Structures are given as C-alpha cells and as structure tokens.
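**Q** First, the structure itself, so that you have it in front of you.
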Amino acid sequence: MVDKETTEALVEFFGGCFNEDWSLDSLDWQSAVRDFFKEAWGWSGERFARVHRGIESLLSSDYSESDLKSKVIDEFGSYYLVSADGMSFRQWLTELNKLIENLIRGGGLPPVYPPGPIDISKLDLKQITKEFYREERTTPPGPELYPSLSPELEKLRGEVNSALAKMVRLNKTRIDYFQVFQQMSKWYNEGIIDKEEFFHQLISLAQGLKWEDSRKIREGLTEEELAVFDLITKPNMKLTKKEKATVKKVAKDLLETLKNEKLVIDWRKFQATRASVRVAIKDALQRLPDKYTDDIFQKKVDVVYQHIFESYYGQGRSVYAEAGPLI
C-alpha cells in the first residue's frame, strides 16, 4: 500500500510532469521527467526518492494493467498515454522508475533549451559560417581539457536546439532529426569530433531542418495536415502519386471533421467524447489505399488518435494554435 505522503508526492510528480499541456514543453516523456527534476523548486532528494519508492510499491503489487492505468491517470492526474510508445503501464512505470533512479544518483541531464521561438527558415548559414571562422582565426591556440564552444557556435547550437524542440513538438515523426542532434552533441562532448567538425555537422543539420520546414509547402499541406499525413505514411509506406493524393485528402478531411464537430471543450476528459473522436478517425482512415492492411490500419488509427489526444485540447486550442507559424 502507498501511504498518504507518498500518494501526495506521486500526484504532484505525475501532475507536474504530465499535465494537460506537457507535450507543448517536452519532446517525449523522458524529457518531461528530466525537466521536472531540474525545475521542481522545493523538492528534496528524499521527496524524489519517495516517488521512486511509491512507483516501486505499485509495481510490486498485484495490480492489473487496468488498475495501474486507473491509478496513474485517474488518481495521479497523468495525461500521458503509454500506448503511443507501444508499452503497457507496467512496462512504462518500470522504465520510468529506472530513469528516476538514475536522476537521483546524478545521471546526465539534457541541455536546457534556449527561451523563445526560433525561426529556422531565417538562419543565415553563410553569415554564421563566416563569423565562426573569424572567431577561430582570432582565438589563441591552446590545449582544451574540456571542449568549449565559441559564441557563434554556441548560438548556432542553441538555435538548432530550439527549432528542433518546436518542430518535433508539432510533428513527432521528425524525432530522427533530434536524435542526430543528440548524437553529434555527445560526440563533441566526449572529444570524438573537434569544434570544426561539430560546426560543420550543425550546419548540415540546420540545412536539413530548413528543407524539412518548407516541406509542407511542397506537399501542399498545412503544418497540421502534414503531421497527420506523416503519421499515416511513415516510416515505410511505399505509395504511388495517386495514393499519396488520397492520403492527403484523408488527412485534410479528417482534421476538418474533428475541428468542426468533435473536438469540443474538455473532450479528452470524457469517455464518450474520446470514443467519438476515435470513431471519426477510424471512419476517415477507412478511405486509405488498399495496401493498408487490417494490421497497419489499426496501428495508424491508434497513432493518429494519440497525436490528436496530445495535440488538440478542444474549442480551437491546440499545440498549433499556441505555437503560431513556423515561418
């Protein structure tokens, strides 16, 4: 059994990490937990340890999957649905507790995103390159025990980081870009690549982000429509030009139906309105090309529903309305 103080800590923890708008601020559930550890003023190590013990107690109990789901969502106030990452609640709580333990022991924290939106389309990469090499020519040589960044390189890394956070928040299929960024940063921090190579990799990534940022224009879709289109077609659906056009129409029609008829205020709080949204998604995706087998079809229904649940709050509120235009 979980005592009252532990229950209070769990409510505060899950409510803080995974509140209604958590996906606006975090790329994934791991980032949400790490950010909470950095920003939870007044939380002692013991209080975090209490959360760890509380989750451990839940896992050691004979709770069913349904019981765990009820605890996390209904009692502790979490808005994260684990099915989006293909896990059960027991599996997720196990992974969550491993992460919490690592953080308590001083495990690595991600870099802090710089404040404010970054317009990736307006980055002047030629000017940034010119400034970088001007700095390198005027910086005295010397051994570096720990790698440090020049002001221009730090600025570029911050701008790419911030742009990535926003772009991935609007379209989760862009997560590969973020993973590339994490890997190159890791290599630089570990001394595997030097400052100049890191700079060139950042420039290459920024060019890729510029191309990705303008892809919606080439596809003839809005940012919202592109996100649904990508969820339906990625990672490996091979479609003809005609089939792609069909999927685009499905994405457009689905969003129009949902926003006009289904995404009412607080729709996520009630089983009936959630079910209505899922049915609308299922009905719309019935018009997908024949190569979407029953198994693929069901997976696409689930992933699109999860996207809608995390991105649209009802009555016109969404991550897209709050983020504003990317360009």
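Computed from the coordinates by the stated procedures, all read-outs in this text should not be read as laboratory data. Because the structure is a prediction, the values reported are computed rather than measured. Backbone-built Cβ (ideal geometry, glycine too); neighbour counts: all protein chains shown.
**Q** Calculate the translational D of the stretch 205-278 in whole µm² s⁻¹ from Stokes-Einstein, where the hydrodynamic radius comes from the Kirkwood formula applied to all Cα pairs, the temperature is 4 °C and the viscosity 1.567 mPa s.
**A** Estimated via Stokes-Einstein, D reaches 92 µm²/s.
**Q** By what distance, in whole Å, do the Cα atoms of the stretch 4-104 stretch along each of the three principal axes, largest value first?
**A** 34, 29, 23
**Q** Set the Förster radius R0 to 41 Å, insert the Cβ-Cβ distance between ARG215 and LYS4 as r into 1/(1 + (r/R0)^6), and round the FRET efficiency to 0.05.
**A** Working from the Cβ atoms, E equals 0.20.
**Q** At a Förster distance of 30 Å, what's the computed FRET efficiency of ASP62 paired with ASN102, Cβ-Cβ distance as r, to 0.05?
**A** Calculated transfer efficiency: 0.65.
**Q** Determine the sum of side-chain charges near SER64: Lys and Arg each +1, Asp and Glu each -1, restricted to other residues whose C-beta is under 13 angstrom from that of SER64.
**A** Local net charge: 0.
**Q** Then there is this: For THR222 and THR246 in one chain, what is 0.36 nm times their gap in residues minus the Cα-Cα distance, to one decimal in nm?
**A** Full-extension gain reported as 7.1 nm.
**Q** Can you pull the three principal axis extents for the Cα set of the stretch 217-323, in Å, largest first?
**A** 38, 31, 20
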